[in-house]
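The block underneath contains the structure these notes are about, expressed in structure tokens.
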Amino acid sequence: MAMSEEGLAARVLTALAADSRVGALSITVEAHGKIVILRGRVNNEEQRREAEFLARGVPGVREVINEIAVLY
């Protein structure tokens, strides 16, 4: 059974929230089919990369578009 876009986005948000290095408060997730778009702001490039890595690890995600901005 295919997962809904909302279900996929929720799984990605859960993965982000579970990681203390990233958190999910300032990141939004949008799913279109199996493509996930990450948006928001984080404190450094490491958090930006980690968010993308975590999203890619969620079952059902085929591609991640990372539009997260880094606050310098």
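The numbers here are math on the coordinates, done by the rules we state, and not lab data. This is a predicted model, so every value here is computed, not measured. Using ideal geometry, Cβ is built from the backbone for each residue, glycine included, and neighbour counts are taken over all protein chains shown.
Stokes-Einstein diffusion coefficient for the chain at 37 °C in a medium of 0.692 mPa s, Rh from the Kirkwood formula over Cα pairs: what value in µm²/s?
278
Okay, helix-only estimate at 222 nm for the chain: each DSSP H run of n ≥ 4 adds -39500 (n - 2.57), divide by all residues, round to 500 deg cm²/dmol; what do you get?
Rounded to the nearest 500, it is -11500 deg cm²/dmol.
State the extension gain, in nm to one decimal, for the chain segment bounded by ASN43 and THR14, taking 0.36 nm per residue of separation less the distance between their alpha-carbons.
Using 0.36 nm per residue and subtracting the Cα-Cα distance, I get 8.5 nm.
Using +1 on the beta carbon of Lys and Arg, -1 on that of Asp and Glu, and nothing else charged, what's the dipole of the chain about the Cα centre, debye to 20?
Computed charge dipole of the chain: roughly 60 debye.
Report, to the nearest 10°, how far helix 5-18 tilts away from the longest principal axis of the Cα atoms in the chain, using its own Cα long axis and a range of 0 to 90°.
40
Show me, for the stretch 56-72, the HN-Hα J-couplings you get by feeding each phi into the Karplus relation (A = 6.51, B = -1.76, C = 1.60, θ = phi - 60°), rounded to Hz, glycine and proline as x.
Running phi through 6.51 cos²θ - 1.76 cosθ + 1.60 with θ = phi - 60° gives 5, x, 7, x, x, 7, 9, 8, 10, 9, 9, 10, 6, 8, 9, 8, 9 Hz.
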